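First comes the structure, then the notes that go with it.
Rule-based calculations on the coordinates, nothing more; no lab input. Only a predicted model underlies this, so the values are computations on that prediction, with no experimental measurement involved. Because the Cβ atoms are built from the backbone with ideal geometry, glycine has one as well, and the counts that use them run over all protein chains shown.
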Number of protein chains: 2
Amino acid sequence: MVSREPNPPSQSAVELVLLSVLGDGPQYGYAISKRVAAGSEGVIRLTPGVLYPLLRSLEKQGLILATWETVKSERAEEGTAGRKRKWYRLSAKGRKHLDQRIAAHRAHQAMIERFLSGGGARAEEA
Amino acid sequence: MVSREPNPPSQSAVELVLLSVLGDGPQYGYAISKRVAAGSEGVIRLTPGVLYPLLRSLEKQGLILATWETVKSERAEEGTAGRKRKWYRLSAKGRKHLDQRIAAHRAHQAMIERFLSGGGARAEEA
DNA sequence: GACAGATATATCGGAGTCAGATATATTGAC
DNA sequence: GTCAATATATCTGACTCCGATATATCTGTC
C-alpha cells in the first residue's frame, strides 16, 4: 500500500500552532489555550475538547514530553492537595518534526496562494 | 443562540482553490481537477469524490451556475448521444463570496504565521 | 464562612471535510 | 476490438474539530 498522504496540511493547523507555542518554551495546557486566544485576538480557540486530546496524541507520538507539577498555594492549608499542572515541552524529535511541518505548511500555503492570485497553472492564453 | 463560527477557515482550502479557479473563467469538472493537479505539481488532488459533491454544494448555495454542453464528436455516429460536459461559472454572489473568502483566508494565515515565527503573543520576557 | 468565578485537567458525541473505492458511459488510439 | 483517457457521479469511512459535560482547586468578595 502506497498510502499517499492526505492533501498535506490537512493535518490541522491547530496542531501546528500548538507545537509552535511549545517551540518557544515549556507550557502547561491552560496557559497554552490562553496564549493562543490572546495571540490571535480570540480567533483561534484551543478549547479543552481540542487541546487535551491533541496533547495526549502528541505525547504518545513522542513529540512532546510531560511532567506534573504540584502548585503550592500561598496560604497552604494542611489538608489540601494543591493544584496540579501538567507541563509540556518539545522533545528533540518534536523539534525536528516542527521544523518540517512549518516548511511543509509554508510550501502548501504558497501553492494555494498561487491559485488565489489567479492563474495557478493557467494554460497561458493570449 | 450565538453560534460562533468554527475557527474561521476550517472551511476547506479545497473549496477556496476551486472557487478561485472558476474565478479565472468558466470550466467543467474534469478540467478543473486536471488544472489543479497540474498547477500544484500533483500535490493538491481534487478527486471526483471531493470535486463533484463540492460543485453540487456550491451550486445549491447559488455561488456557481451550471450549464450542460453536449460535445459532438468529429465522426459523429448516428446512435451516439455525444459526451456531456457540465460547465460551471461563478455567479455574482459567488464572486463576492470568493473575495471575502480570500481576504479571510489571508488574515487567518497571517495569524498562524505569527505563531510559527515564534513569539505569537509572547508575554514579553526580558 | 459561604459563594461565585477563575484556574486546571479531562472525556464524549456529533458535525463537517476530505480520501478512496466504485460505477457508468463516451471517445480516441492502436 | 480492446484499452486508456475523458467525464460525470455516489457512498463509506477516517480524521479533525466543536460544544457540552465533568471534576477539583484556588482566589476574591461579601
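Remarks
- Position A:K34, label points 7 Å along Cα→Cβ, spacing to each other copy in nm (shortest first, one decimal): 5.7
- Modelled label reach - B:R95, point 7 Å along Cα→Cβ, region B:20-44 residues with backbone N closer than 17 Å: B:20-27
- Amide H contacts under 5 Å for B:I64, placed H, 5+ residues apart: B:E59, B:S91
- Residues in region B:21-32 carry Karplus couplings, in order, of 4, 5, x, 7, x, x, 8, 9, x, 4, 5, 4 Hz; the curve used is 6.51 cos²θ - 1.76 cosθ + 1.60 with θ = phi - 60°, and Gly or Pro positions show x.
- Of A:K34/A:K86; A:K60/B:K34; A:K96/B:K34; A:K93/B:K34, pairs whose Cα-Cα distance is over 27 Å: A:K60/B:K34; A:K96/B:K34; A:K93/B:K34
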